[in-house]
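Some notes on the structure that comes next.
The values are calculated or read from the model by the stated rules, or taken from the named source; none is laboratory data. This is a predicted model, so every value here is computed, not measured. Positions of Cβ are backbone-derived with ideal geometry, glycine not excepted, and every protein chain shown enters the neighbour counts.
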Amino acid sequence: MTHPSNKRASVFDTPAYSASEAACILNTSANTLRAWCFGQNYRSAAGTPKRFQPVIQPADMKGKLLSFTNLCELHVLSAIRRHHKISLPKVRESMAYLRSKLGADRPLIDRQFRTNGIDLFVEHASRLLNVTRQGQEALRGDFEQALARIERDRQGSPIRLFPFSRTSVSDKEQPKAIVIDPRLSFGRPVLSRVAIRTDVIVGRFRAGDSMAEMAKDYGVDEKEIEEALRFEQRRTA
């Protein structure tokens, strides 16, 4: 008999996404995401070879593949990086600080992060960046908004992610029309109410089907179809 924790690991922690695919889902730079996950070689101003170490622990370092759990970590990280442009070395330093304080391997999605981890990160990053009190509040708000889009099970582990479908993360009207759930369509983006893949919707639209027709076929609001098209358009932009 398969132990429940093993079953969870096989679904939520299985390598399933390339860095490019994850970057499209999260609307972030593929090169930046690769550096966060797999590290990056570079040269200092003096020409000395350097190595940027990964910020998160990828599911498959050798195969360069990420899991759903990794996707959730990157979702939180990219939300604050996009607005505040915190340099990767400083992000890494703050992450190491968080790991030591929380005793968690994955502090960005640890259940303690929402309660006291955000303040720990903001406090540490503020010392590195010398940001204003207003900047600290904005940083905390971006974390909270990103975390609100991760659904968890009773044990506090992430099980569903509602990625941002609008270009601006600060858009207060960001709906939860699109969901990533490893138990649905192999973890590809789907409409949250009916589990229809967003790439299927955009394929039908390009073939000439109207939003009204698809909304009627799937039994959803036309606005949900529009959100799926917006999400796919942003992914392919």
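Before moving on, here are some points about what is shown:
- Matching residues in the stretch 71-114 - criterion: being of a type in the set (Ser, Thr, Tyr) and free of Cβ contacts under 8 Å to residues at least 24 places away in the same chain: Ser87, Ser100
- Filtering the stretch 25-42 to residues that are in contact with a Pro (Cβ under 6 Å, 6 or more places away or on another chain) and free of Cβ contacts under 8 Å to residues at least 12 places away in the same chain leaves nothing.
- Residue that is nearest to the chain's Cα centre (by Cα) [pool: residues in the stretch 21-43 that are more than 15 Å from Leu65 (Cβ to Cβ), part of a helix (DSSP H, G or I) and not hydrophobic (A, V, I, L, M, F, W, C)]: Thr32
- Within the stretch 83-104, the set of residues being of a type outside the set (A, V, I, L, M, F, W, C) and out of contact with any Asp or Glu (no Cβ under 8 Å at 6 or more places or on another chain) comprises Lys85, Ser87, Pro89, Lys90, Arg92, Glu93, Ser94, Tyr97, Ser100, Lys101, Gly103.
- Criterion (in a helix (DSSP H, G or I), in contact with a helix residue (DSSP H, G or I) (Cβ under 9 Å, 6 or more places away or on another chain) and of a type in the set (Gly, Ala, Ser)) met by exactly one of Gly156, Gly135: Gly135
- Candidate set from the stretch 53-63 (those that are surrounded by fewer than 20 Cβ atoms within 10 Å (Cβ to Cβ) and of a type outside the set (A, V, I, L, M)); member that is nearest to Phe162 (Cα to Cα): Gln57
- Residues located in the stretch 138-187, provided they are at pLDDT 90 or above and of a type in the set (Lys, Arg): Arg149, Arg152, Arg154, Arg160, Lys176, Arg183
- When restricted to residues that are surrounded by 13 or more Cβ atoms within 10 Å (Cβ to Cβ) and of a type outside the set (A, V, I, L, M, F, W, C), the stretch 103-118 contains 7.
- Residue ID - nearest to the chain's Cα centre (by Cα), chosen from residues in the stretch 204-237 that are among the hydroxyl-bearing types (Ser, Thr, Tyr) and assigned to a helix (DSSP H, G or I): Thr236
- Listed by first and then second residue, the pairs with beta-carbon distance under 8 Å, at least 6 apart or on different chains, first residue in the stretch 154-167 and more than 17 Å from Asn70 (Cβ to Cβ), second part of a loop (DSSP other than H, G, I, E, B) and aliphatic (A, V, I, L, M), are Ser165/Ala177.
- Filter result for the condition that a residue is in contact with a Cys (Cβ under 9 Å, 6 or more places away or on another chain), at pLDDT 85 or above and surrounded by 12 or more Cβ atoms within 10 Å (Cβ to Cβ), over Leu77, Leu66, Leu33: Leu66
- Search result, residues across the stretch 51-107 that are farther than 18 Å from Asp142 by Cα, hydroxyl-bearing (Ser, Thr, Tyr) and part of a helix (DSSP H, G or I): Thr69, Tyr97, Ser100
- Picking from residues in the stretch 80-93 that are within 18 Å of Phe38 (Cα to Cα) and buried (at least 19 other Cβ atoms within 10 Å of the Cβ), the one that is nearest to the chain's Cα centre (by Cα) is Arg81.
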